[in-house]
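Participant: Encoded as structure tokens, here's the structure I'll be asking about.
The values are calculated or read from the model by the stated rules, or taken from the named source; none is laboratory data. Predicted model, so just to flag it, every value in this text is computed and none were measured. Note that each Cβ is placed from the backbone with ideal geometry, even for glycine, and that neighbours are counted across all protein chains shown. Each accessible area value is taken on the protein alone, full model and side chains, heavy atoms only, with ligands, DNA and RNA left out. Shrake-Rupley method; radii C 1.70, N 1.55, O 1.52, S 1.80 Å.
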Amino acid sequence: VFIAGYDLNEATTAAAYANAASAALLRVGADPLLSARLDVNISAVHQRLGATEEALAAGLRALAVFDADPAADPSRRHRLLGNLGLIYKARKQSREAREAFNRALELVRHMSGPDHPGVATILTNLGELALDEGNLDEARTLADEAAAIRRRALPPEHLAFADGEQLFANIAEAR
């Protein structure tokens, strides 16, 4: 589901795989956590393809399962929360986006430490949100923090630097 929809941008194939996977889970009586993991992928695919209503519905179904068992799959939960942040941001729901991003940030820092590249990604997302809200100083602070983490954690040629550079460019343009 994820590869077809997210990596390959093939909505029809991803939808067919998602339907088949959902039917298989129903048939075998899968546990809620397995269904939630599928919903995480379905949410990410819909978000990538611009179907925010479907993305949000699948993401919130998964989050309800994860929130019922806080110890379950923190890595997938942090990715889900980041994706929900992007969905809310696309829907212009800043408060909900910030809450989701902050929850994801707390999880990745707890799981992987403060200098993990995932922390930089979430800080960049928060910076983009601050920029959307017109808070250029906050956006710059978050962009600086994300860039510092990337410099410590990644080789200079890593593609993740492009996101941060784009945020810096957008801040400069907004000034």
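Residues are listed down the side, and each one gets a yes or a no for (1) under 19 Å from the mean Cα position of the chain (by Cα); (2) open to solvent by less than 60 Å² (accessible area, probe 1.4 Å):
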position: Val28; (1), (2): no, no
position: Asp31; (1), (2): no, no
position: Val40; (1), (2): yes, yes
position: Ser43; (1), (2): yes, yes
position: Gln47; (1), (2): yes, yes
position: Glu53; (1), (2): yes, no
position: Leu56; (1), (2): yes, yes
position: Pro74; (1), (2): yes, yes
position: Gly85; (1), (2): yes, yes
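Participant: Continuing with this model, one more query. Quick one: which residue in Ala120, Ala97, Ala130, Ala104 is within 21 Å of Asp144 (Cα to Cα), touching a His at 6+ places or on another chain (Cβ under 6 Å), surrounded by 15 or more Cβ atoms within 10 Å (Cβ to Cβ) and at pLDDT 95 or above? Full working, then the answer.
Facilitator: Working: Ala120 fails: touching a His at 6+ places or on another chain (Cβ under 6 Å); Ala97 fails: touching a His at 6+ places or on another chain (Cβ under 6 Å); Ala130 fails: touching a His at 6+ places or on another chain (Cβ under 6 Å).
After applying the criteria, what remains is Ala104.
Participant: Sticking with this structure for a sec: Condition (residue is part of a helix (DSSP H, G or I), open to solvent by less than 30 Å² (accessible area, probe 1.4 Å), over 17 Å from Gly82 (Cβ atoms) and not hydroxyl-bearing (Ser, Thr, Tyr)) applied to segment 152-170: is it met by at least one residue?
Facilitator: If we filter segment 152-170 for residues that are part of a helix (DSSP H, G or I), which is where we start, we get 152-153, 160-170.
Right, trim to open to solvent by less than 30 Å² (accessible area, probe 1.4 Å) and you get 160, 164, 167.
Then drop every residue that is not over 17 Å from Gly82 (Cβ atoms), which leaves none.
Scanning segment 152-170, I find no residue that is part of a helix (DSSP H, G or I), open to solvent by less than 30 Å² (accessible area, probe 1.4 Å), over 17 Å from Gly82 (Cβ atoms) and not hydroxyl-bearing (Ser, Thr, Tyr), so the answer is no.
Participant: How many residues does segment 15-64 hold that are touching a Leu at 6+ places or on another chain (Cβ under 6 Å), among the hydroxyl-bearing types (Ser, Thr, Tyr) and in contact (Cβ under 8 Å) with a residue 40 or more places away in the chain?
Facilitator: So the answer is 0.
Participant: Going by what's in this entry, would His110 be described as open to solvent by 20 Å² or more (accessible area, probe 1.4 Å), touching a residue at least 24 places away in the same chain (Cβ under 8 Å) and touching a Leu at 6+ places or on another chain (Cβ under 6 Å)? Spell out the reasoning first.
Facilitator: On the way: open to solvent by 20 Å² or more (accessible area, probe 1.4 Å): yes; touching a residue at least 24 places away in the same chain (Cβ under 8 Å): yes; touching a Leu at 6+ places or on another chain (Cβ under 6 Å): no.
No, not satisfied.
Participant: Give segment 162-175 a look and list any residue that's under 21 Å from His116 (Cβ atoms) and without any contact (Cβ under 8 Å) to a residue 12 or more places away in the chain, or say none.
Facilitator: Within segment 162-175, Ala162, Glu165, Gln166 meet the criteria.
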